[in-house]
Each structure stands twice: as structure tokens, then as C-alpha cells.
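Notes follow the structure.
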Amino acid sequence: MKKGLLLVVSGPSGCGKGTICNLLISNNESINVSVSLTTRKPRDGEVEGINYFFVPEEKFKSMVDNNEVLEYAYVHGSYYATPKNFVFDKLEKGEDILLEIDVQGAMQVKEIYPQATFIFLLPPSMEELKNRIIKRGTESTEAIELRLKNAHKELEYIREYDYVVVNDQVEKAVNDIECIIQAEKCKTNRVINNTSIL
Ligand code: 5GP
């Protein structure tokens, strides 16, 4: 059976990943989104099982030890991980899946599942990135500084990604990702492995 497409989207905090991924999945019913585990506390309005599975550190570590996660990383002072079974079950069923994860996690996925498609989201400028994080108003001054420092570190990984999408306009960025998905589905290897004609 044809395997689904695993899409990995990363980019610095404030580059609009969340907005873009939400729009992408609401426009494309066939894309499943993986809900990550985190040890971070929920922000106002965040819902358990929708935004994240919020777990205590002990539970998180036991899931990592029991090999229940595909990748995990310590980001901006909290742990984050992708539950493994959900991702592989969907891919086996031929369903596409989207992971919105940081660069450390993406590099782990690249080792385990190199056939995934890796997309890096860029803000139009670092100035704009700072403005967006401040405007979001969910972070303390220290957290904003930490996220900006981390943004520079994350940019060092950009060449490891297959595609770069600049988010200067949300609709355009979503459209770029939809085009990437379409192109990936027409890749020679993918088509010849899934056709009975040849
Ligand atoms: P936030 O706390 O703002 O929701 O997310 C902080 C960072 O953690 C973002 O860069 C986000 O992409 C990343 N992140 C969210 N879920 C995961 C995950 O499952 N694994 C990894 N490695 N990073 C994640």
C-alpha cells in the first residue's frame, strides 16, 4: 500500500508556524497533525489533546525510556516529543502527517525517516520576528530573549531542509507548502514505487 507523506515543518518561534500549520490542515482535510507531548504549562486557551498533551516531567521521561516517542528535544526550557505510534500508523495507512517541531527533533526524524519532507519557515526579517513574539504577548521578557537567541541557533540548520518558505504573507506561505506537497507526491521514486503500470 502507498505510504503517506511525512511533512516536517520547523522555524524560529514567532515565524508563524502555528498559524500556517492550522490553515494548512483546515484547507486540507487529508493532512493529519501529530499532537506533541510537552512538559510546558498550557497557555491561556490551549486545550489538552488539541494543542499538546501536557504531561509532568516524570511521565515524559518514562515515555522516552519506553521508546514511545519518535523524537524529543528540550526547547526554550521545556521538553517536547512526538508520539511514535500515531505517526507510523497513519503513514502505513497511506495518510499524510504533519509535524511542527524544532530543528533538533527534525534532525532526529531525518536519521530515522529520511524520506520525510523537511520544510523550514522563515520570517521576512529578524526585526519582524521580534515584533511578532512581542505582539503575541504570551511570553515574559526573559522568554522573549531566549526565543530570539534560539532563533539564531535554529537558522544554522536551514541547509538541512529540503525547502524554505518565507512567511511574509500567510496565504502565500500556505500555498507554497501545498505546492511542495503536490510536487513531493509526483517525485519519481514515490510514483514508481506505487504504480502497477511499470
Ligand atoms: P511552543 O511552546 O511555542 O508551542 O513551541 C516551542 C517550540 O517547540 C516550537 O519551535 C515548536 O515547533 C517546538 N515543538 C513543538 N512540539 C514539538 C515536538 O513534538 N518535538 C520537538 N522537537 N519540538 C516541538
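Under the shape rule built on the C-alpha gyration tensor, where the axes satisfy a ≥ b ≥ c, the chain is oblate, since a/c reaches at least 1.5 while a/b does not exceed b/c. With the chain treated as a Gaussian network of Cα nodes joined by springs under 10 Å, which of 13, 36, 140 yields the largest mean-square fluctuation? Greatest mean-square fluctuation among the candidates belongs to 140. Percent of C-alpha pairs per 5 Å bin in segment 1-73, short distances first: 3, 12, 19, 24, 20, 15, 7, 1, 0. Here the mean projected area of the convex hull built on the C-alpha positions of segment 133-198 is 6.8 nm². For residue 122, the residues whose amide H sits under 5 Å from its own are 165, 166, 167, ignoring neighbours fewer than 5 places away on the same chain, with H placed 1.01 Å from N.
Taking only the C-alpha atoms of segment 39-154, Rg followed by Dmax gives 15.6, 44 Å. As a proxy for reagent exposure, ranking 15, 179, 21 by other Cβ atoms within 10 Å from fewest up yields 179, 21, 15. Exposure proxy for 50, 20: other Cβ atoms within 10 Å of each Cβ, ordered fewest to most, give 50, 20. The string of couplings for segment 33-45 from the Karplus curve (6.51, -1.76, 1.60, θ = phi - 60°) is 10, 8, 8, 7, 9, 8, 9, 6, 6, x, 7, 3, x Hz, one whole number per residue in order, with x for Gly and Pro. Relative contact order of the chain, taken over Cα pairs closer than 8 Å and 6 or more residues apart, is 32 percent. In this structure, the residue pairs whose Cα-Cα separation is over 22 Å, taken from 59/153; 17/61; 110/130; 3/110; 110/187, are 59/153; 17/61; 110/130. The loop-placed trypsin sites (Lys or Arg not before Pro) in segment 145-198, going by DSSP, that have at most 13 neighbouring Cβ atoms within 10 Å of their Cβ come out as 187.
Every number in this text was worked out from the coordinates using simple rules, so none of it is lab data. Keep in mind it's a predicted model, so treat the numbers as computed, not measured. A quick note on method: Cβ atoms are made from the backbone with ideal geometry, for glycine too, and the neighbour counts reach across all protein chains shown.
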